[in-house]
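Written out below as structure tokens is the structure these notes cover.
The values are calculated or read from the model by the stated rules, or taken from the named source; none is laboratory data. From a predicted model like this one, the values you see are computed outputs, not experimental measurements. Virtual Cβ from ideal backbone geometry, glycine too; neighbours counted across all protein chains shown. Protein only, heavy atoms only, side chains kept; ligands, DNA and RNA dropped before computing areas. Shrake-Rupley method; radii C 1.70, N 1.55, O 1.52, S 1.80 Å.
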Amino acid sequence: MSTNLTDLNAFLAVARAGGFRGASRSTGASASTLSEQVRRLEERLGVRLLHRSTRSVTATEAGARLMDRLVPALGEVEAALETMKGFRDTPAGTLRLNVPVAAARVVLPGILPGFLARYPHIEVEIVAEDSFIDVLAAGSDAGIRYDERLEQDMIAVPIGPRVQRLALAAAPDYLRRRGEPAHPRDLLNHACLLGRFRSGGLTGPWELQRGDEAVSIEPRGPLIVSVAGAMDLAVDMAAAGAGIIGLFEDWLRPHLDSGALLPVMPEWWSSFPGPFLYYSGRRLVPPPLRAFLDFIKEQPREGSGQR
């Protein structure tokens, strides 16, 4: 069944205004033209959409049902037209991303400066948290997750280093006092600094591997901090000699390079796949997100930053 979009818009305008004269003022079309368009739509559908009286015009049950479906559908049409503008104009607007704390700390700093410099009319809003929520329901355009956290019906695009590592490190003073572990099992006799997710789980077990030998350790220690907001405190405490920390190598790299932290059993550091930017494949991609997708696809596919 072929239906003119103009007739659909005329019906919505009349139903919202509660009359043909009010719709005429809001649309600029004459009341008689709107009446004809609505009549034509009703004939094509074979149902009455509006109750008409001398005092008011209201939607019938069928008309109300049609309005419920039309409003989001026509909103998508408008969004499509806005997307087309992005191909001829400078992309503008807000890009909202929901990301893990680790991605905000070690992935985005290498990407956002160049992106914001290229697109000065785009504003980026980052929500960093340790819980894995429905990013679309939360009002975000896209999210960053590691592969095991990807949701169904989403499109995933690699972002940041394609390989990352779990690194163990401690301050020189701590290792002088407590000695350096030679095997992952030795960690059970050391003070380990941990993070706790909002779900209640800890940043463990530490999965360590050397060649074909893999060991899973449940670390314990004197300090547990919130992953969402206090992991940098745990890093500072490790640098102060409080214990051994296990964290993304890229997160610890500045402290390793400065000597504030020393690598612990680097031959056991395990690798894992890097994260993905993901977004719904069932929605039109807004211009700010399209620009961001194009930008990250241009970036070189780096390794883990191993030294």
Exercise for the section: For the chain, set up a Gaussian network in which alpha carbons nearer than 10 Å are linked by springs, and say which option among 270, 131, 199 fluctuates the most. Expected result: 199
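With a 1.4 Å probe and every protein chain kept in, tell me what percent of the accessible surface of the chain is carbon plus sulfur. Walk me through the intermediate numbers first.
On the way: 8150 of 15990 Å².
The C+S portion of the solvent-accessible surface of the chain is 51 percent.
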Problem - segment 227-303 and segment 140-207: distance between their alpha carbon centers, rounded to Å - result: 10 Å
Practice task
Report relative contact order for the chain in percent, whole number only (criteria: Cα-Cα under 8 Å, sequence separation at least 6).
Solution key: 22 percent
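What are the equivalent ellipsoid semi-axes of segment 1-125, built from the alpha-carbon gyration tensor (square roots of five times its eigenvalues), in whole angstrom, biggest first? Don't skip to the end; give the middle numbers.
Working: eigenvalues 390, 51, 34 Å².
Each semi-axis is the square root of five times an eigenvalue, giving 44, 16, 13 Å.
Could you tell me what percent of the DSSP beta bridges with both partners in the chain are antiparallel, to the nearest 5?
Values: 26 of 41 bridges.
Of those bridges, close to 65 percent are antiparallel.
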Practice task
Determine, at each q value in 0.11, 0.17, 0.23 (inverse angstroms), the log₁₀ of I(q)/I(0) that the Debye formula gives when each Cα of segment 198-307 is one equal point scatterer.
Solution key: -0.53, -1.01, -1.36
Handout entry: Size of electric dipole in the chain: Cβ of Lys, Arg +1 and of Asp, Glu -1, about Cα centre, debye, nearest 20
Key = 1120 debye
Exercise for the section: Note the angle between two axes, namely the Cα long axis of helix 5-17 and the longest principal axis of the Cα atoms of the chain, as a number of degrees from 0 to 90, rounded to the nearest 10. Expected result: 90 degrees
Problem - Spin-label proximity, residue 44 to segment 8-38 - amide N less than 17 Å from point 7 Å beyond Cα toward beta carbon - result: 8-15, 33-38
Fill in the blank from the handout: Most fluctuating of 45, 202, 108 in the GNM of the chain (C-alpha, under 10 Å) is 45
Fill in the blank from the handout: Given unit charges at Cβ for Lys, Arg (+) and Asp, Glu (-), the dipole magnitude of segment 179-299 about its Cα centre in debye, nearest 20, is 700 debye
Handout entry: Cα-based Rg and Dmax for segment 21-75, where Dmax is the largest Cα-Cα distance (Å)
Key = 11.7, 32
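Quote the FRET efficiency, to the nearest 0.05, computed for residue 69 versus residue 293 with a Förster distance R0 of 25 Å and r equal to the Cβ-Cβ distance.
Working: r = 30 Å, r/R0 = 1.18.
It comes to 0.25.
With runs of 4+ DSSP H residues as the only contributors, calculate the mean residue ellipticity of the chain at 222 nm using -39,500 (n - 2.57) per run, divided by the residue total and rounded to the nearest 500. Mind dumping the intermediate values first?
Details: 10 runs with 115 residues, N = 307.
It comes out at -11500 deg cm²/dmol, rounded to the nearest 500.
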Completion exercise
Computed over the chain: longest principal axis from alpha-carbon atoms vs helix 287-298 long axis, angle to nearest 10 degrees, is 40 degrees
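Rounded if a/c is under 1.5, else prolate if a/b beats b/c, else oblate: with a ≥ b ≥ c from the C-alpha gyration tensor eigenvalues square-rooted, which is the chain? Walk me through the numbers on the way to the answer.
Numbers: a/c = 3.71, a/b = 3.01, b/c = 1.23.
Judged from the Cα gyration tensor, the chain comes out prolate (a/c at least 1.5, a/b above b/c).
Kindly state, to the nearest 0.05, the FRET efficiency for residue 189 paired with residue 112, given R0 = 45 Å and r defined as their beta-carbon distance. It would help to have the intermediate numbers written out before the result.
Working: r = 42 Å, r/R0 = 0.92.
Calculated transfer efficiency: 0.60.
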Handout entry: Low-density loop positions, trypsin sites (Lys or Arg not before Pro), segment 145-218 - DSSP coil, at most 14 other Cβ in 10 Å
Key = 162, 198
Completion exercise
With every protein chain in place, the accessible area of residue 26 for a 1.4 Å probe, in Å² rounded to the nearest 10, comes to 90 Å²
Completion exercise
If one builds a Gaussian network model of the chain from Cα atoms under 10 Å apart, the most fluctuating residue listed among 215, 101, 264 is 215
Fill in the blank from the handout: Measuring from the longest principal axis of the C-alpha atoms of the chain, the long axis of helix 249-258 (C-alpha) lies at a number of degrees, nearest 10, equal to 50 degrees
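Once you have a ≥ b ≥ c as the square roots of the Cα gyration tensor eigenvalues for segment 167-228, tell me rounded if a/c is under 1.5, and otherwise prolate or oblate according to whether a/b is larger than b/c. Present the calculation step by step, with values, prior to reporting the outcome.
Numbers: a/c = 2.29, a/b = 1.20, b/c = 1.91.
Note, shape of segment 167-228 comes out oblate.
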